[in-house]
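Quick notes on the structure that follows.
The values are calculated or read from the model by the stated rules, or taken from the named source; none is laboratory data. All values derive from a computational prediction rather than experimental measurement. As a convention, Cβ positions derive from the backbone with ideal geometry for all residues, glycine included, and neighbour counts pool all protein chains shown.
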Amino acid sequence: MSKKDEITWLADGSYLPDIEPHTKAKHLILEEYIANYIRILHGTGRRGVTKFTFVDGFCGGGMYEDRDNREKWKGSPIRLIEAARKGFKKAGRQYDEPLDIKYIFIDDKQSHIECLKNYSFPQVGLGYLVDEEQHEYREEFGQCIEQCQFILGEFEQVINRCIISVESRKGSSFFLLDPFGWSHVSMNSIRKINDLSGSEILYTYMIDYLKRFAFVKYEKNKRKTFNKILEAEGYYESVNLDNMDTFGEQAYYRNEAMRLFRDRGFPKHIQEKYIFTFAVIPKTDSRVLYYLMHLSKNLRALEVMTDSFWKQNNVDSQYHFKIYGLAFETQKYYQENQFILEFNINKDKNELCIDKLHEQLPDIIGDNADGITYGEIVKRTMELNPASLLHYESYFNQLKNNKEIKIFRDGKEFNGTKFKRSDIIKLPRQYQGNLFYNSKLFPK
């Protein structure tokens, strides 16, 4: 979000805030991911997940003005519902019990809740969901039960209600946390969510706001408040106020954010911790406005979110890749006047990803003479580079085709192109101890 007074909805929908390009990108990432989230968790295995809870912690009024295109733009509450339905349809499966989805929409302004219920939902044919009762949604193959709950209040004051609701329902949960600034969501709340079984978070981390207010060293009270809310004592200690917007400092902010949320955002008993960041940059070669941070405890969730981020990535610079992984630049949006809606990444970006993988993976493979599984390699490295699973597959297929690695499945050499996590990757004998030094594909 930008300035707080601009993000305001009137109860009757007579005033809607303008949608910003980076918010569009955020919504499209959300929509892409939730559709795949439902499709994969509900549609795979003998018995897919049948209960989901979605919590939109800062839901707003549900619609925006898209003045560039002279139309309305759907906000996150509507996109959550429509994306879940799309995922249900893609899954194409029905079990003994119907798919059961509950949406919890939270906002601290009465006018926003009223606009969402009385204007935005009716505008898109969802008005019947505002009574907070369960309703049936049907596809040709089966039934989905939907229910909406609307909560007026500060997120920090109602998070325990949400936790109890998710725990009682079980299943999987997804929390969309899109606050204004860093002070509206505490690290304690992040930790509570991550303590839930099957939970994920997509969090907007307002790094630019944080830099301007929390890192000013002479503002000791603000730094003290920041440390209390985000438990950040001992982090961001090397901030140089004279170089806040240099690339090196930007990289430092990102890395410290990932270290902070990995250390403090998960309960100590959680072993599997995955964080991926997506930078939003207001103009070329400038500061990062905020990071979208995806926190999960499941490698598959990280893989799917990375693919979703890729579809909105529009940064070409290799330097950006080294710092941010993936990013969205608003200046490019205005220049191109369109979003990347299809998985159509240019050759340079793909090559950058392959180069990054080649920086990281050979040593891992070489250190495991008896072989290492494909899944373990992805697990160790996916947070550290901008590559999607498609890039990993492309990289290993090129090496396999050039006879620089061998891949084994169930004890037999595998020559296919689609890998399983259990597939074992080994070096041929001629490369043992001298990994890729004579590589045809990647000469050193």
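Observations on the structure shown:
- Filtering the stretch 376-410 to residues that are under 12 Å from residue 302 (Cβ atoms), in a helix (DSSP H, G or I) and in contact (Cβ under 8 Å) with a residue 40 or more places away in the chain leaves 378, 379, 382, 383, 389.
- Condition met for residue 24 (in the same structural domain as residue 282 (by TED's automatic domain parsing), under 16 Å from the mean Cα position of the chain (by Cα) and in contact (Cβ under 8 Å) with a residue 60 or more places away in the chain): yes
- In summary, residue 69 fulfils each of the numbered conditions (1) crowded, with 19+ Cβ neighbours inside 10 Å; (2) without any contact (Cβ under 8 Å) to a residue 60 or more places away in the chain with the single exception of condition (1).
- Residue within the stretch 83-104 that is farther than 26 Å from residue 39 by Cα and part of a loop (DSSP other than H, G, I, E, B) present: no
- Condition met for residue 50 (assigned by TED's automatic domain parsing to the domain that holds residue 171, within 29 Å of residue 302 (Cα to Cα) and surrounded by fewer than 23 Cβ atoms within 10 Å (Cβ to Cβ)): yes
- Residue in the stretch 148-164 that is assigned by TED's automatic domain parsing to the domain that holds residue 36, touching a Leu at 6+ places or on another chain (Cβ under 6 Å), over 29 Å from residue 269 (Cβ atoms) and at pLDDT 95 or above present: yes
- Any chance residue 376 is at negative phi, buried (at least 22 other Cβ atoms within 10 Å of the Cβ) and among the acidic types (Asp, Glu): no
- One residue stands out in the stretch 75-101 among those that are aliphatic (A, V, I, L, M) and under 22 Å from the mean Cα position of the chain (by Cα): the one that is nearest to residue 123 (Cα to Cα), namely 78.
- The single condition among (1) at pLDDT below 95; (2) in contact with a Ser or Thr (Cβ under 6 Å, 6 or more places away or on another chain) that residue 102 does not satisfy is (1).
- Some residue of the stretch 123-135 being part of a strand (DSSP E or B) and touching a strand residue (DSSP E or B) at 6+ places or on another chain (Cβ under 7 Å): yes
- Yes/no for residue 72 being over 22 Å from the mean Cα position of the chain (by Cα) and not in a loop (DSSP other than H, G, I, E, B): yes
- Answer from 104, 151, 145, 113 - the residue that is crowded, with 16+ Cβ neighbours inside 10 Å, aliphatic (A, V, I, L, M), touching a strand residue (DSSP E or B) at 6+ places or on another chain (Cβ under 8 Å) and in contact (Cβ under 8 Å) with a residue 60 or more places away in the chain: 104
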